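What follows draws every value from the coordinates through simple rules; no lab data is involved. Not measured: the values here are computed from a predicted model. Cβ coordinates were reconstructed from backbone atoms using ideal geometry, including for glycine residues, and neighbour counts include every protein chain displayed.
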Amino acid sequence: MSPPVVIYRYDMSPYANRTESVFAFKRIPHQRVEVAPIMPRPQILEPFGLNYRRIPVVAIGKDLYCDTNLILAVIERRFPTSEGYGTIYPPKRNGGASDTGIIRSFCRPLVKTLFMLCGLLMPWDVLPDAFINDRSTWIGTKIDVATFIAMRPGAISTIKAHLAQLEEQLQNSGGDWLFDTVDPSLADVSVGFLLQWIKPEAPGKPVFESENLPLTLAWFERYEAHLQKAKASQSGPKDISADEASAIIANGDFESLDVVGFDKTDGALLGLNLGDTINVTPLDTGATCSSTGKLLALSIEEVVIEVNGNAGVFRAHFPKIGYKFERA
Ligand SMILES: N[C@@H](CCC(=O)N[C@@H](CS)C(=O)NCC(=O)O)C(=O)O
């Protein structure tokens with residue numbers, strides 16, 4: 001039987017939407033805990049002792065996964081097509097193996113760049129002070145609303161320049177999806193969720209009115225239609241309380257640590273040994289929150305620490321890329 005999956009999320013979170021879109025395409029049954037769009041988030045810190053502020057966090061059994069770059073890789077591993085789940089690496093239209101590595105390395109930097117540009121199109125001038133102060137802490141600089149608004153035209157122009165490269169790709173391949181796959185891949189989700197984020201916002205309008213992006217805009221419509229269909233045929237998701245969630249997670253099982261293992265060579269590069277107590281901190285946003293715990297496993301891709309909260313002992317997993325790991 002599949003392990004229970006719980007996502008900690010809030011409605012307006014684009015990265016939660018990225019994850020939930022993959023859940024829909026892969027047909028993964030899951031439950032959701034709604035958290036506040038600003039700090040504090042006791043639903044995560046108290047039961048698990050996990051001092052990670054970014055959203056989403058996904059629990060699979062008793063393992064807590066942070067960062068969509070890792071979450072989506074793990075979801076593909078733990079819910080494979082061989083067990084009847086969908087995939088975010090569908091076959092290519094003209095045959096051949098899926099481009100999993102190139103899709104992942106395309107998504108990571110592009111999502112990061114586009115997320116920051118799209119963020120400038122949010123309605124900063126009407127957002128409450130509490131939100132602006134919270135996000136100032138999150139990015140590590142005091143947000144000046146007038147500066148953000150003045151940066152919008154440049155952001156729109158740069159977003160369009162990025163999309164023009166996708167336009168070229170769609171033109172060259174003649175396919176429906178960004179990597180010429182038979183169904184949407186992680187690449188489609190990764191650009192799609194950001195366009196979905198800015199679509200309802202008035203400052204985002206010029207992007208959707210671009211005259212030189214016909215194939216990209218048609219691709220986006222196709223993406224939204226596919227996603228809607230996948231969501232319509234999904235059972236659930238079910239919204240549960242934080243208490244229900246921590247009980248479910250505490251009763252779950254850990255995945256074997258052997259799956260991640262301990263790469264001694266990599267550990268030496270980072271100056272880390274198995275069993276060290278370490279701090280894990282994001283390198284970009286949310287860096288005021290560090291998660292601390294005993295180092296349990298380390299691979300080229302993933303770092304696992306033990307965390308303790310009032311619901312018990314858990315394992316928190318972080319991607320290697322984009323985080324700092326230091327002995328506490
Ligand atoms: N690299 C992270 C970024 C996650 C992220 O930035 N999430 C946003 C919400 S969409 C966030 O945490 N914003 C600040 C907050 O909600 O506290 C990931 O891929 O999960």
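List of remarks:
- Net charge over other residues, Cβ less than 15 angstrom from the Cβ of R93 (K, R count +1; D, E count -1): -3
- Degrees between helix 152-173 axis and first principal axis of the chain (Cα, 0 to 90, nearest 10): 80 degrees
- Sorting S290, S185, S2 by the number of Cβ atoms found within 10 Å of their own Cβ, with the fewest placed first, yields S2, S290, S185.
- Summing +1 for each Lys or Arg and -1 for each Asp or Glu among the other residues whose beta-carbon sits under 14 angstrom from that of Y10 gives +2.
- For F220, net neighbour charge (Lys/Arg +1, Asp/Glu -1) across residues whose Cβ lies under 12 Å away: -3
- The length gained by stretching the chain between E211 and K199 to full extension, at 0.36 nm per residue less their Cα-Cα distance, is 2.7 nm.
- Here the calculated FRET efficiency for S241 and D129, from their Cβ-Cβ distance with R0 = 25 Å, stands at 0.30, rounded to the nearest 0.05.
- Residue-span extension gain [R327 to K142] - 0.36 nm each, minus C-alpha spacing: 63.7 nm
- For Y89, Y52, Y65, order by how many other beta-carbon atoms lie within 10 Å, fewest first: Y89, Y52, Y65
- Virtual spin-label span in nm between Y10 and S82, 7 Å along Cα→Cβ: 4.1 nm
- Under 17 Å from K320, Cα to Cα: lysines that are on another chain or at least 8 residues apart: K112, K264, K294
- Among T292, T158, the order by Cβ neighbours within 10 angstrom, fewest to most, reads T158, T292.
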